[in-house]
1. Put a dot 7 Å past each Cα toward the Cβ at D360 and Q122; how far apart are the dots in nm?
2. If I model a spin label as a point 7 Å beyond the Cα along the Cα-Cβ vector, how far apart are those points for N134 and D373 in nm?
3. For the cross-link pairs K334/K394; K191/K334; K462/K492; K84/K154; K191/K394, which exceed 29 Å when the distance is taken from alpha carbon to alpha carbon?
4. Which net charge results when you count Lys and Arg as +1 and Asp and Glu as -1 among the other residues whose beta-carbon is under 11 Å from that of M162?
5. Among 183-192, 139-148, how do they line up by average Cβ neighbours within 10 Å per residue, starting with the highest?
6. First select every other residue whose beta carbon is under 9 angstrom from the beta carbon of K406; then total the charges, Lys and Arg +1, Asp and Glu -1.
7. Quick one: grab Rg to one decimal and Dmax as a whole number for the chain, Cα atoms only, in Å.
8. To the nearest 0.05, how large is the calculated FRET efficiency for K27 and D459 if R₀ is 22 Å and r is the Cβ-Cβ distance?
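Each value in this text was obtained by applying a stated rule to the coordinates, not by laboratory testing. This structure is a prediction, so every number in the text was calculated from the model and none was measured. Cβ sites come from the backbone with ideal geometry, for glycine too, and all protein chains shown count toward neighbours.
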Amino acid sequence: MKIKNTKSLCPECGKTLDAEVFSEDGKVLIKKTCDEHGEFVNTYWGDYELYKRAEKFTPSITSVENPSVEDMTSCPDNCGLCSKHETSTVLGLIDVTNRCNLRCPVCFANAAAAGYKYEPSQDEIRQMLKNLRNLKPHPCLAIQYAGGEPTVRKDIVELVEMAKEEGFTHVQIATNGLRLARKEQLAKDLKAAGCNTIYLAFDGVTPEPYINNRGKDLLPYKLDAIENCRKAGLGVVLVPTLIKGINDHQVGEIIKFAFDNNDIVYGVNFQPVSFAGRTPADEVEEQRITISDFVEIIEDETDGQVPTDSFYPPSFVEPIAEVISRLNGEDSAKVTLNCHQHCGIATYVFRQKTEGDGKDKLIPITDFIDVEDLFDKLTEYNEKLERGKFGSHKRVLAGLTGNLPKMVHPSRTPEDLDIVKILLNVFAKGDYDALGAFSKDAMLISCMHFMDPFNFDVDRVKKCVIHYATPDGRIIPFCTMNSKYRQGVEQKFAQPLRQK
Ligand code: SF4
Ligand code: SF4
């Protein structure tokens with residue numbers, strides 16, 4: 001059954017093609033035909049019912065007031081950002097080098113294979129930071145340095161300082177952790193410079209996934225890197241690249257590991273592997289893990305404690321930020337997570353020892369809060385606040401105070417968690433510190449399924465919230481950068497390798 005028409009890419013030549021998304025045998029597929037390279041049919045979401053459930057949470061649309069490109073062609077042929085883009089930049093990315101101290105077969109940037117060095121100067125990086133901060137109406141607040149391996153740059157600490165100088169409130173570094181493992185002082189220096197999070201590639205809790213994904217056993221380095229972050233008080237998010245048959249059976253163990261280290265690890269962001277156009281189509285289908293496969297794996301791996309319906313697309317939480325901002329005197333939220341409903345999925349999970357056998361029990365937030373009722377109420381309150389009638393502020397606060405307790409189930413709430421009090425503090429005072437009590441025990445479990453030319457859908461990139469800044473002044477959505485633009489951008493600024 002046809003679901004929608006969209007546009008996609010030819011995995012062989014990269015040409016933009018008309019495409020159709022449709023359901024068949026309980027799955028969602030995407031098909032397109034290239035005049036030169038024939039028909040491609042690929043899995044888009046592994047489960048039609050879960051696809052439909054996510055479809056209900058269509059995000060808001062925010063337009064960029066100062067696009068660099070007045071769109072004259074069709075998406076994604078003129079990124080920049082263009083005037084057709086439908087979201088602000090929630091996370092800015094800058095590749096600070098394509099050099100790396102590893103040679104991973106699954107790497108996006110594939111640094112060593114490129115045959116050239118791509119490494120923007122400090123001046124170029126400062127300009128890219130400024131370009132992200134100049135976006136209107138929502139200047140970008142969060143930046144991630146990526147690569148290659150960002151920590152091979154000797155000036156990485158200065159680059160963190162530079163991001164803070166330019167006004168970024170959140171700075172994170174995507175890393176394989178090797179240098180952090182070897183140099184205890186690096187974690188301390190990064191922390192002192194203002195780095196908020198280490199976004200650590202972490203494929204599993206045994207040597208095998210590393211040997212398969214990265215070519216060697218890196219587990220000891222990961223453990224040392226986490227230890228050095230702990231000593232520095234530098235927060236860590238674990239980032240497993242999921243590949244079917246390689247580490248999908250370790251999802252439960254990875255979550256357990258995260259909880260065992262929750263003094264310093266506050267989230268796990270699973271990323272199903274995406275494929276370069278040159279991968280044979282049948283191999284892509286064999287190894288593909290979609291978001292619906294991921295939530296089914298989690299349900300299975302946690303013996304049903306974290307079921308598929310405890311997960312929601314990130315856009316689901318949009319009303320929270322809106323209500324907090326309006327109650328605290330702003331017209332709208334500074335950041336809104338309005339990425340496409342089929343790009344990602346997330347939930348908060350708590351862990352508690354059970355009485356009796358003393359075993360660990362995982363409790364997703366949806367077990368003890370009626371989240372859909374809460375968000376319906378918040379949407380209603382937002383409308384009231386937006387209309388701004390006399391007394392609406394007071395009435396909304398009174399409504400929250402009266403209604404929140406009705407949506408919480410105390411008998412199912414983790415011990416010592418006064419969730420009603422925490423939420424009221426956050427809403428009424430904009431007191432994000434109040435969330436500390438919540439995040440101390442909660443683990444954010446999320447999954448973003450980056451696209452590749454096989455499953456590329458322009459509807460999703462138009463609503464992409466993760467954007468690369470490039471040295472030519474453009475700002476390019478992540479999945480278009482990796483499926484279409486990366487080589488061109490890097491080659492334009494490439495230096496011969498011998499200049500290393
Ligand atoms: S992805 Fe966004 S910026 Fe790029 S062409 Fe499409 S709408 Fe424009
Ligand atoms: S990076 Fe890709 S998967 Fe993530 S929001 Fe952007 S388009 Fe969607």
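1. Here the modelled spin labels are 4.3 nm apart.
2. 5.0 nm
3. Details: K334/K394 22 Å; K191/K334 25 Å; K462/K492 25 Å; K84/K154 39 Å; K191/K394 40 Å.
Result: K84/K154; K191/K394 exceed 29 Å.
4. Values: positive: R126, K130, K164; negative: D123, D155, E158, E161, E165, E166.
Surrounding charge for M162 is -3.
5. On the way: 183-192: 17.9, 139-148: 23.1.
Ranking the peptides 183-192, 139-148 by packing returns 139-148, 183-192.
6. Details: positive: none; negative: D370, D373.
Residues near K406 contribute -2 overall.
7. So, for the chain, Rg and Dmax equal 22.4, 68 Å respectively.
8. Values: r = 18 Å, r/R0 = 0.83.
It comes out at approximately 0.75.
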